[in-house]
Amino acid sequence: MTTTDAPVPPPAPVVKTGPAVPPGSGARRRSDGSVLNVFSHGVLVIWAVMVVLPLVWAVMTSFKDDSSIFGSPWALPDRLHFDNWSRAWSQAHMSDYFLNTVLVVGGSLIGTLVLGSMAAYVLARFDFPGNRFIYYLFVGGMSFPIMLALVPLFYVVNNMGMLNTIHGLILVYIAYSLPFTVFFLTAFFRTLPTSVAEAAFVDGASHTRTFFQIMLPMAKPGLISVGIFNFLGQWNQYMLPTVLNTDPDKKVLTQGLVQLAVSQGYKGDWSGLFAGLVMAMLPVLAAYIVFQRQVVAGLTAGALK
């Protein structure tokens with residue numbers, strides 16, 4: 001009698017399981033995340049209200065008359081008093097202050113970006129003796145208090161015959177803004193690819209042509225970002241023009257606002273004062289609104305590349 005062995009079933013596959021997940025952990029994580037989102041959004045809303053509310057109140061007050069400003073400061077104006085703006089623009093000489101500020105900030109901004117980008121490109125792309133020393137000199141310039149340089153700066157500008165002049169103020173603004181510009185753009189130029197510049201050199205392009213036609217357009221996000229920061233700092237600068245520019249016909253906007261606050265305060269023309277204040281804020285707000293995407297792109301470009 002012949003017997004046959006029964007077929008042996010294959011072994012069951014071994015299923016590897018991770019550590020046991022306690023029940024309810026996923027729901028707990030989602031709950032923690034939602035609480036964090038609610039908290040962060042609440043903080044952002046509070047911060048937005050703290051920033052936007054004074055701006056809206058200043059704009060609203062600039063269209064009121066003096067009695068409404070003190071009688072109902074939080075109410076909407078009964079009608080729009082555009083004469084406040086015209087009075088501040090013409091009688092308070094805000095037009096002259098605005099023009100002087102545009103000339104000074106425009107000239108210094110162009111000079112800062114051109115000189116700062118060239119210096120940053122050389123420090124970022126070329127190795128030479130003293131490279132790190134020059135770079136750290138610019139970095140140290142950011143930490144030097146401007147108050148300590150006011151007295152010697154006054155004598156230097158006076159000896160050069162540029163006291164109470166537009167071009168003298170432009171040169172001082174450029175020197176004041178160069179350390180941060182070089183520091184910012186040096187790090188940005190290091191993130192740009194070197195293959196494009198090497199291809200330009202192979203094709204016979206000079207260093208000057210490579211910089212202005214290839215590398216500078218590639219650094220456009222960084223230039224816009226540092227340009228916005230310099231624009232804000234130079235537009236709101238008060239200490240330097242107060243010391244170096246005492247000519248009433250060449251005062252900038254910050255000096256004009258202080259003079260307007262003193263004169264209009266004695267006259268009781270608070271509506272004209274608020275109108276002049278809003279005039280000084282509008283270019284800054286417009287710069288933020290127009291270039292907000294470019295500023296974010298320039299700040300994050302180094303991290304993404």
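For region 149-156, backbone phi angles converted through the Karplus equation (6.51, -1.76, 1.60; θ = phi - 60°) give residue-by-residue couplings of 9, 5, 5, x, 5, 4, 5, 5 Hz, Gly and Pro being listed as x. The peptide list 285-293, 84-92, 207-215, 37-45, put in order of mean Cβ contacts within 10 Å with the highest first, becomes 84-92, 207-215, 285-293, 37-45. Here the Karplus curve 6.51 cos²θ - 1.76 cosθ + 1.60, taken at θ = phi - 60°, turns the phi angles of region 63-72 into couplings of 9, 9, 8, 5, 5, 6, 4, 8, x, 9 Hz, with x standing for Gly and Pro. In order along region 180-188, the Karplus-derived 3J(HN,Hα) couplings, from 6.51 cos²θ - 1.76 cosθ + 1.60 at θ = phi - 60°, round to 5, 5, 5, 4, 5, 6, 4, 5, 6 Hz, and Gly and Pro are given as x. The share of C-alpha pairs in region 102-182 whose separation exceeds 18 Å stands at 50 percent.
Spacing of the modelled spin labels on residue 49 and residue 194, each 7 Å from Cα toward Cβ, amounts to 5.4 nm.
Each peptide in 49-57, 164-172 receives the mean, over its residues, of other Cβ atoms within 10 Å, and ordering these scores from highest gives 164-172, 49-57.
The largest-to-smallest principal axis extents of the Cα set in region 82-303 are 68, 40, 28 Å. The shape of region 117-228 comes out prolate: with a ≥ b ≥ c from the C-alpha gyration tensor, a/c is at least 1.5 and a/b beats b/c.
Values in this text are rule-based calculations from the coordinates and carry no lab data. Because the structure is predicted, anything quoted here is derived from the model rather than measured. Every residue, glycine as well, gets a Cβ built from its backbone with ideal geometry; the counts of neighbours run over all protein chains shown.
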